[in-house]
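Here is the structure we will look at.
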Amino acid sequence: MRERMERLETGERVQQIPTGLNEQMLVERAKQGDTEAFGDLIQAHRGRAKGWAEQMTRDSHLADDIVQDALIRAFLHVGTLADTSRFLPWLHRIVHNQANMRLRRGGPYRRERPVSGWTDADTAASGKIDWENLDSILHHLNATYTKAAAEESDPAELLLRKELNETIHTLLHCLNRKERGIFEAHFFRQLSPVEIAEMYQTTTGSVYTYLHRSRRKLRQAHVRVMLDLPPNKGGVELNTVQKVPLPEWPAAGSVMTTFVDRIGHMLAAMGDRRTMVELMGRSEFAFRMKISNKTSYADGIYVFDWRQTLRSFMDELGYEVSIVCGQLSHAPVPLLAAAERFPVVLPMEEAILPFIRRYIDEGKPVLYFDTLAISPHIHEWALIYGYDDTKQEVHVTDVMLPEGKQLSYEDLAENPLRFVAVIDSRKPLAEAGNQRSEVGQALRKLQEVVRYARSGCSYTPMTVYLCYTSGLAAYDRWIGFLENSTLLPNRYGMGHLTAVYAEAKRYAAKYLKTVPLTGEPMRLVLLAAEAYEQAAESLESVGERVPFIRTTTPLTQETMVICASLLRKAKEFETAGVGYLENALNLWNREEHE
């Protein structure tokens with residue numbers, strides 16, 4: 001993105017994009033984090049943006065600064081744009097707001113006076129203020145601003161202060177009666193939480209909860225004002241309730257690799273029932289293992305290129321997908337190693353709910369990364385399969401709740417790691433593949449399995465302190481945590497890693513038995529399947545000693561020694577399995593060329 005902006009600054013000629021549908025496609029790509037698409041949009045509209053700024057400032061140099069600030073804001077917030085056909089009005093509003101902010105910063109108190117700058121004379125001039133009444137407060141602010149504008153004889157001042165007054169009015173009116181009362185008592189009347197609790201006959205804890213909720217509502221309302229969004233969910237009161245009937249998904253058909261499991265359930269909801277053996281094998285998650293270099297916590301399970309992996313896997317299955325992703329700037333982002341390439345977005349319902357509603361209305365469940373999963377999980381992949389505008393909530397699957405659960409629209413908007421995706425369409429059916437093409441696909445898959453085992457995952461986090469070891473070498477990293485006398489392994493993470501990877505090796509064995517090879521190469525592949533089964537047994541033995549449960553009991557030295565020994569056995573078996581696969585591939589290639 002930086003290089004792109006530098007090219008634009010130096011005046012390098014880039015072909016103008018056509019307007020209309022092609023521009024809307026660029027906006028869709030920009031929302032999903034495509035910086036090149038955003039750069040093309042800016043190249044097309046930068047001159048127009050500067051024209052808007054110059055009309056307000058009458059200063060070319062100041063207009064350049066305003067446009068630069070506006071473009072940075074637009075880049076950070078493009079993921080919140082719900083209607084991609086309104087990119088230009090949205091950009092115009094951002095430039096307008098940035099220009100107003102610059103004009104109000106013309107000097108100390110020249111354009112904008114802080115609360116501490118109000119004087120007793122101001123108060124007297126506006127009459128008695130009822131600090132318990134919002135309209136009285138706003139009337140006082142308006143009178144103060146009008147008086148200041150008249151004294152400065154600045155025609156633009158009245159408009160600017162009027163807009164600020166309207167903004168305050170809009171923000172505070174997003175609160176209900178009790179929230180407003182507590183907020184006004186605390187911030188305008190300067191009462192302590194203890195005094196407010198006595199006033200409302202409640203606890204100080206409830207007061208803090210109300211203040212926290214009010215701040216969050218005000219922050220969202222402020223964003224809506226800045227982006228010129230209507231005050232209440234698109235300006236129309238929504239009362240829609242919609243739910244997609246999910247097919248039965250028994251425990252016997254589920255796997256702990258929930259990324260694959262939810263994709264299987266999503267496909268089943270669309271009438272495409274795939275076996276979990278096929279899904280685990282073709283996605284290659286049956287053969288993956290990744291361990292953090294810093295801790296035995298289980299975050300390595302989730303660290304891969306989510307967008308590219310989903311697109312590639314679904315493309316292989318014959319589907320196209322649509323994805324909306326992002327990370328919030330005001331909260332710690334879990335699994336940063338996976339989300340660091342996501343665009344920064346705002347905690348707004350409008351940035352995610354239209355996407356969900358659209359596909360739920362089409363009868364399609366939505367893949368969702370849930371950071372509010374039920375214990376013992378911290379976060380997992382889930383499906384959103386319904387929404388209720390009357391209750392302001394969505395229906396979501398949960399690994400620990402067969403009946404599912406509900407999350408509020410606010411929970412969705414405040415999720416610090418945003419990822420929703422849906423099967424958009426099915427690709428045209430290709431000509432039926434023959435046995436030779438099926439063999440070719442299987443061989444390519446086995447080659448990738450061997451490459452991953454020997455060389456590890458190709459996805460590397462950009463943040464240097466987030467580093468992981470994958471493939472066969474991950475066993476050594478894992479064993480090192482157990483044998484390091486200065487480090488106490490994370491028991492919960494150990495249990496989670498063991499449960500996921502033991503099950504994965506079982507599916508690796510099952511998948512290898514379905515490979516359509518013949519003769520001696522197939523015999524070697526079956527030997528590899530047996531080796532993966534033995535690796536799974538060793539990992540399951542680790543799981544018996546360190547189950548995947550929430551507990552504060554530390555691992556004993558004896559348990560760590562036994563587990564390290566079992567992990568070595570698992571690595572020996574899997575290494576043997578990879579060797580069998582290499583021999584099978586080499587033999588098949590020789591036979592093909594003879």
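The numbers here are math on the coordinates, done by the rules we state, and not lab data. Because the structure is a prediction, the values reported are computed rather than measured. Methodologically, a virtual Cβ is constructed for each residue, glycine included, from the backbone with ideal geometry; neighbour enumeration extends over all protein chains shown.
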>> What are the ³J(HN,Hα) couplings of segment 577-591, residue after residue, when phi is run through the Karplus curve with 6.51, -1.76, 1.60 and θ = phi - 60°? Round to Hz, x for glycine and proline.
In response: x, 5, x, 4, 5, 4, 5, 5, 5, 4, 5, 4, 5, 5, 5
> Considering only the other residues whose Cβ falls under 12 Å of the Cβ of residue 521, what net charge follows from Lys and Arg at +1 and Asp and Glu at -1?
Replying inline: -2
>> Sort 341-347, 447-453 by packing, meaning the average of other beta carbons within 10 Å per residue, with the highest value first.
In response: 341-347, 447-453
> Normalized C-alpha radius of gyration of segment 488-579, against 2.2 N^0.38 Å?
Replying inline: 1.24
>> Within 12 Å, Cβ to Cβ, of residue 468, how many net charges do the neighbouring residues add up to if Lys/Arg are +1 and Asp/Glu are -1?
In response: +3
>> Students often check this: by mean Cβ neighbours within 10 Å, which of 48-54, 76-82 ranks highest, and how do the rest follow?
In response: 76-82, 48-54
> Per-residue HN-Hα couplings for segment 441-449, Karplus 6.51 cos²θ - 1.76 cosθ + 1.60 at θ = phi - 60°, whole Hz, x for Gly and Pro?
Replying inline: 5, 5, 5, 5, 5, 5, 4, 5, 4
>> Output wanted: per-residue J couplings in Hz (rounded whole) for segment 560-575, from phi through Karplus 6.51 cos²θ - 1.76 cosθ + 1.60, θ = phi - 60°, x for Gly and Pro.
In response: 5, 5, 5, 5, 4, 5, 5, 5, 5, 5, 4, 5, 4, 5, 5, 4
